[in-house]
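For reference, the structure discussed in these notes is given below.
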Amino acid sequence: MPGKFKTEAVVLRSIRYGEADRVLHLYSATRGRIGAIAKGVRRPRSRFGGRLEPFFRLDLVLHEGRGDLATVTSAHTVTGHARLRASGPALDAAARACDAVLRLLDAEEANLAAYNLLCRYLAILDGESSVRGDGSGDGAVGLAAALAFRLKLALAAGFAPELASCARCGEVDGLVGFSGDAGGVVCEACERGGFPLSAEAHAFMVEALGRPLAQSPVAGERALRQAERAITATLEHHAHVQLRGYPRRLAA
């Protein structure tokens, strides 16, 4: 029903529109995905300042009319993630995370688990980025934390892979591969059509789902790349979504 509403949200994407406006893709704690327009935000004396930019977490008042876009009428910063914005790798990590939310969660309904996960990952990038860095992949916190975020996001969206038993026959022993089509790990007898998944990669995925995001497990480069391939294959087959891959570690 048209009218004003309040919500907390993270800015996923901000696009210039017209001479002074911005179109925003928001992910909200109470309403899921929201498309909005901020009128006059690019003018020098705009009351919004620079806070309607990606990665800001905001308290918003919006007006919902007859069109597809709500209008931002008030915005107050919950956190602006200033340290994140000072780091190129962390900015890239945050952009990949927001892009994943944008692609995977397109419903206009609340998914508090996904919202809290995104807020936690941005907070890690902002304040704890030097704690667990492995120097690879997704910015300052490393590929391991980035994949743990993506795996947890898949779970929140309802597309987590089967990891406890063979996704084809239910066997719990001899899990040696992964099949995106089947949606999880597969045993040796059912490996046809899948690809190898090492015990280390399998263990990483299980632990990543079970641990808090700030305590994401560590694994070697090969295992992490296998886990990345498994997550990617699951989402491509079952969510029909292709997420941005992570760059390879630069050669020494």
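If packing is taken as the average number of other Cβ atoms within 10 Å across a peptide's residues, how do 41-54, 71-84, 215-228 rank, most packed first? Write down the numbers at each step before the final one.
Values: 41-54: 14.4, 71-84: 16.1, 215-228: 18.9.
In decreasing order of mean packing, 41-54, 71-84, 215-228 become 215-228, 71-84, 41-54.
Diagonalise the Cα gyration tensor of the chain and give the resulting equivalent ellipsoid semi-axes, square root of 5 times each eigenvalue, largest first, whole Å.
On the way: eigenvalues 268, 83, 38 Å².
The equivalent ellipsoid of the chain has semi-axes of 37, 20, 14 Å.
Around Cys166, under 10 Å between beta carbons, what's the net of Lys plus Arg minus Asp minus Glu among the other residues? Could the numbers behind the result be given before it?
Details: positive: Arg168; negative: Glu162, Glu171, Asp173, Glu188, Glu191.
My count for the surroundings of Cys166 gives -4.
Which value in Å does the Kirkwood hydrodynamic radius of the stretch 150-203 take, with 1/r averaged over all unlike C-alpha pairs and then inverted?
Answer for the stretch 150-203: a Kirkwood hydrodynamic radius of 11.0 Å.
Relative to the longest principal axis of the C-alpha atoms of the chain, give the angle of the C-alpha long axis of helix 88-104, reported between 0 and 90° and rounded to the nearest 10°.
90
In bins 5 Å wide, starting from 0, what share of all Cα pairs of the stretch 3-79 does each bin hold, as a percent?
3, 18, 31, 29, 14, 3, 0
Based on DSSP H runs of at least 4 residues, each adding -39500 (n - 2.57), what is the mean residue ellipticity at 222 nm of the chain after dividing by all its residues, to the nearest 500 deg cm²/dmol?
On the way: 6 runs with 83 residues, N = 252.
Taking each H run of at least 4 residues, the total per residue is -10500 deg cm²/dmol.
Okay, which of the stretch 1-43 sit inside 15 Å, backbone N to the point 7 Å along the Cα-Cβ direction of Asn116?
Within reach of a label on Asn116: 29-30.
When the chain is fully extended, how far beyond the present Cα-Cα distance does Ser165 get from Arg66, taking 0.36 nm per residue of separation?
30.8 nm
Tell me, what ³J(HN,Hα) does each residue in the stretch 69-82 have, in order and in whole Hz, if you take phi through Karplus 6.51 cos²θ - 1.76 cosθ + 1.60 with θ = phi - 60° and put x for Gly and Pro?
With coefficients 6.51, -1.76 and 1.60, one gets 9, 6, 10, 6, 10, 7, 8, 10, 6, 8, 7, x, 6, 5 Hz.
Rounding to the nearest 10 and keeping the result within 0 to 90°, find how far the Cα-based axis of helix 142-157 lies from the longest principal axis of the chain.
Result, in degrees: 80.
Report, in whole Å, the centroid distance computed from the Cα atoms of the stretch 26-63 and the stretch 73-117.
First find each Cα centre; the distance between them is then 12 Å.
Counting only residues 5 or more places away or on other chains, whose amide H sits under 5 Å from the amide H of Ser198 once H atoms are built in the peptide plane?
Excluding prolines and chain starts, which carry no amide H, there are no hits.
Say the dipole of the chain comes from +1 at the beta carbon of Lys and Arg and -1 at that of Asp and Glu; which of Val186, Phe5, Ala113 then lies farthest toward its positive end?
Selected residue: Phe5.
Quote the FRET efficiency, to the nearest 0.05, computed for Ser198 versus Asp106 with a Förster distance R0 of 30 Å and r equal to the Cβ-Cβ distance.
On the way: r = 33 Å, r/R0 = 1.11.
With a Förster radius of 30 Å, E is 0.35.
Can you list the lysines whose alpha carbon sits under 28 Å from that of Lys152, skipping same-chain ones fewer than 8 residues off?
Lys6
Bear in mind these aren't lab numbers, they're just calculated from the coordinates by the rules spelled out. Remember, it's a predicted structure, so these values are computed and weren't measured experimentally. Neighbour counts are summed over all protein chains in view; Cβ atoms, including those assigned to glycine, are modelled from backbone coordinates with ideal geometry.
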